Amino acid sequence: MNRPELPIIGETICPYCGVGCRLQLEGYPGEIVCTRGVADAPANQGRLCAKGALVHETLDTSDRLTAPLIRSDRREPFQRVSWDSALGFVAERLRAIRAAYGPDAIAFYGSGQLDSETTYLVGKLFKGSLRTNNTDSNSRLCMAAAVAGYRQSLGSDGPPCCYDDIDECDVAFIIGSNMAEAHPVLWDRLQQSRQRRGVPYSIVADPRRTATARQADLFLPVAPGGDIALMNALGRLMIESGWVDDRFVTAYTRGFDQYLYFLLSQNLDELVSVAGISRDQLHEAARRLGTAHGWLSFYCMGLNQSTVGVWKNNSLINLHLLTGQIGKPGAGPFSLTGQPNAMGGRETGLLSHQLPGYRLVEDGQHREEVERHWRLPPGSIRNKPGLTAVEMFRALERGQLRALWIAGTNPLVSLPDLHQVRRAMNKASLIVVQDAYHPTETTELAHVLLPAAQFTEKEWTSTSSERLVSYSPQLRSAPGDALPDWQIIARFAQRAGFAGFDYRSAAEVWDEFRELTTGRPCDMTGITAARLRRERHVYWPCPSLEHPGEKRRYQDRRFPTPDGRAIFLPRDHREPREKPDHEFPFVLTTGRLYSHWHTLTRTRHCAKLVRREPGPFVEIHPSDARSLEVDDGDLVQISSRRGTIRLPVRLSEAVPTGTVFLPFHWGDRFSADNAVNYLTISATGRVAKQPELKFCAVDVERVADNLDEAPEVDSVIPLTIGSFHESP
Ligand code: MGD
Ligand code: SF4
């Protein structure tokens with residue numbers, strides 16, 4: 001049946017993943033009826049995935065937070081108050097905590113879903129005015145290893161490639177990314193390019209035979225955590241077969257001799273065995289990559305969520321350098337960003353070691369440049385990185401951190417070791433949560449709730465995985481008293497008595513930030529607010545108003561390192577922090593599903609998505625299930641050193657034996673004390689401080705059929721798994 005033509009309300013960027021699809025909303029500002037992909041949008045070219053197509057259903061829900069709410073004691077109910085009272089309350093409490101314990105007793109924990117205007121102002125307020133570098137983001141859980149990997153190997157953060165490279169490459173190496181479920185529109189572009197051109201040939205390296213792996217030409221079932229060995233074996237085979245781009249290596253890189261020596265001193269049999277892949281498969285992968293005209297790699301959490309995530313990134317970039325596959329169309333290491341503006345947060349400096357324009361707090365010149373721009377006295381910005389995500393919650397539990405301001409994230413579902421996170425939050429003197437929805441697992445533990453306007457209800461700027469900076473206009477009013485996040489931060493700063501926050505518009509904030517990118521690797525000098533509002537999107541780097549914006553970086557083969565050369569970094573295999581043993585014999589790996597977004601604050605409102613994936617489960621290989629004497633649908637108890645949960649079994653040959661897979665989306669509001677992150681380990685890597693969410697040791701046991709036989713834990717963990725919707 002043809003849908004009658006509806007009025008077009010306007011365009012916005014999808015608030016879900018980092019692909020950055022442009023959406024067209026149709027209907028009426030008070031009732032959005034339909035969402036379509038914008039045909040001439042560079043990212044999606046008219047396409048949408050199911051989440052994007054249904055996103056309008058998540059806007060006018062009964063759990064939107066519409067007014068500031070406060071309570072001095074968490075045992076009391078919230079009271080509705082004016083913005084002035086709420087911000088005054090927060091200002092007074094933060095002032096008292098700072099006076100008693102110093103500036104580092106407060107912190108901000110944000111998100112890759114916040115727009116660039118907001119993340120810029122958070123840095124200016126916390127790092128500049130409040131004088132603490134304790135600002136971090138949930139991007140720490142996904143992108144921190146990629147940021148450090150790019151910086152170490154190439155001299156700067158930021159992917160070199162663009163989505164159009166999909167149509168230029170002849171091999172796509174997808175490692176640690178389930179693109180078909182997590183970046184579906186990009187996956188669709190890849191499939192369509194292949195249908196049209198016969199290439200790219202796709203190689204997928206993943207321990208699970210995911211939806212992505214099932215459609216691959218070559219599937220490499222890498223052992224969980226075995227990627228460095230896999231990439232070192234590939235490098236070794238390429239060198240032995242003479243598939244090295246000598247001219248590129250000599251002219252544009254350094255460190256090759258050490259890398260060569262390192263690879264030749266490795267035992268190939270050992271590498272093969274650690275990687276868990278047959279020699280034939282390895283040879284085929286090496287041949288495809290080594291002889292490709294152009295190869296692109298796509299990678300995500302399978303590489304990053306590891307205590308050696310940075311090294312995994314370095315190892316992959318080594319292969320690109322070896323084969324000269326960077327800085328030209330159809331080539332390059334492409335880190336896929338998870339959230340709509342994880343990239344923008346990196347550019348504006350939200351992570352605890354960063355300052356705007358890819359600057360670092362540890363660099364004296366960088367601090368001076370930013371202090372001048374913010375009109376602060378020299379020495380205002382502290383010279384040590386602040387606390388990172390996991391560190392913040394440890395510091396809260398210790399009492400070193402007293403106040404935490406959380407925005408656009410739900411750490412009580414998404415952080416590892418949730419029992420610790422809950423203990424920490426319960427100890428805090430002040431928890432402020434700035435969110436569009438309430439209740440969530442996190443808002444339930446807050447003292448102050450600040451209602452945020454979300455996409456369509458504010459104008460905002462974001463950067464996608466391919467460095468495309470996009471502007472989204474306000475299309476409708478925000479519910480109740482909700483305000484754009486940047487305005488909440490600016491109003492608070494003024495209420496707390498800080499100068500430099502009297503902005504009249506989002507455009508003013510953007511332009512102030514943009515000026516700080518001049519001459520930096522992420523140069524956006526030419527991307528003025530006025531231009532963005534005219535042209536909708538521009539790629540960075542874009543050093544002048546006349547510049548069209550560059551889709552591909554490093555085409556001159558000069559890298560932003562001291563000598564302009566990219567760097568080979570020999571990296572050895574390292575074991576994950578917690579290995580299976582006789583007590584906890586299974587590997588637990590966690591991940592995403594197509595239908596759901598993060599902790600379900602939005603997607604639980606879309607009946608179609610909920611019908612597709614109504615609740616959590618644990619995927620177990622049939623042969624493990626036989627040993628455990630469990631069948632499809634049976635309830636099992638999964639325990640780690642940190643917690644115990646119970647879930648129904650989903651039998652699947654997609655997981656290797658000895659490994660179980662759990663999606664991370666469902667939290668306590670679905671089923672109390674039963675989220676996967678009660679099990680995961682909060683071990684982090686040394687440089688990126690990204691937690692190892694893809695690997696910990698668990699035990700799996702059949703839950704007794706007869707309740708009388710069940711252990712005591714039944715009194716706190718429900719045997720039935722909860723539900724958000726009465727009739728999904
Ligand atoms: P994940 O499922 O976390 O998703 O996107 P992805 O990283 O693609 O993990 C990717 C793959 O890594 C999984 O298939 C997993 O089996 C594999 N893996 C696990 N361990 C290893 C290993 O040791 N080596 C290798 N090579 N692979 C391994 C994440 C991205 O998705 C992010 S960061 C966000 S924030 C967004 N979230 C999100 C969502 O919540 N829902 C949906 N539907 N899409 C999303 N897109 C974004
Ligand atoms: Fe939104 Fe990502 Fe789907 Fe595009 S692929 S519609 S950005 S969730």
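Quick notes on this structure:
- If the Kirkwood radius is taken over C-alpha pairs of region 144-336, then at 10 °C and 1.306 mPa s the Stokes-Einstein diffusion coefficient equals 97 µm²/s.
- Taking the centroid of alpha carbons for each part, region 170-200 and region 91-108 are 48 Å apart.
- Shown for region 144-336: the carbon plus sulfur share of the solvent-accessible area, taken with all protein chains present and a 1.4 angstrom probe, equals 46%.
- Take Thr291: with every protein chain present and a 1.4 Å probe, its accessible area is about 80 Å².
- FRET E, pair Asp632, Ser278, Förster distance 25 Å, beta-carbon r, rounded to 0.05: 0.25
- Averaged over its residues, region 586-709 has an accessible area of 35 Å² per residue, based on protein heavy atoms and a 1.4 Å probe.
- The accessible area of Val676, taken with all protein chains in place and a 1.4 Å probe, comes to roughly 10 Å².
- Linear extension gain, Arg558 paired with Asp164, 0.36 nm per residue minus alpha-carbon span: 139.7 nm
- Between Glu575 and Gln191, the contour length at 0.36 nm per residue exceeds the Cα-Cα span by 134.8 nm.
- Taking region 425-469 and a reference point 7 angstrom along Cα→Cβ of Glu92, the backbone N atoms nearer than 19 Å belong to 429-433, 447-450.
- Helical segments meeting 18 Å axial Cα length and Kyte-Doolittle -0.5 threshold in the chain (DSSP H): 83-101, 227-240, 309-322
- Over all distinct Cα-Cα pairs of region 336-441, the Kirkwood formula returns a hydrodynamic radius of 15.6 Å.
- Per residue Cα convex hull volume in Å³ - calculated over the chain: 158
- Inter-centroid distance (Cα atoms) of region 416-461 relative to region 509-529, Å: 30
- For region 144-336, the per residue solvent-accessible surface stands at 29 Å², with DNA, RNA and ligands left out and a 1.4 Å probe.
- Using the Cα coordinates of region 586-709, the gyration tensor eigenvalues translate into equivalent-ellipsoid semi-axes of 22, 20, 14 Å, sorted from longest to shortest.
- Expressed as a whole percent, the accessible surface of region 342-409 that belongs to carbon and sulfur atoms is 45, based on a 1.4 Å probe.
- Rounded percent of accessible protein surface that carbon and sulfur make up, region 621-672, 1.4 Å probe: 42
- Its residue count N fixes a reference of 2.2 N^0.38 Å for region 362-418, and the Cα radius of gyration divided by that reference is 1.49.
- Rolling a 1.4 Å probe across all protein chains gives His373 an accessible area of roughly 50 Å².
- Centre-to-centre separation between the Cα atoms of region 342-402 and those of region 534-573: 24 Å.
- Each helix, a run of at least 4 DSSP H residues, gives -39500 (n - 2.57); summed and divided by the residues of the chain, these come to -8500 deg cm²/dmol at 222 nm.
- Rg/Rh, computed from the Cα trace of region 130-184 with Rh as the Kirkwood radius, has the value 1.08.
The values are calculated or read from the model by the stated rules, or taken from the named source; none is laboratory data. From a predicted model like this one, the values you see are computed outputs, not experimental measurements. Backbone-built Cβ (ideal geometry, glycine too); neighbour counts: all protein chains shown. Calculation scope for accessible area: heavy atoms of the full protein, side chains included, ligands and nucleic acids excluded. Shrake-Rupley method; radii C 1.70, N 1.55, O 1.52, S 1.80 Å.
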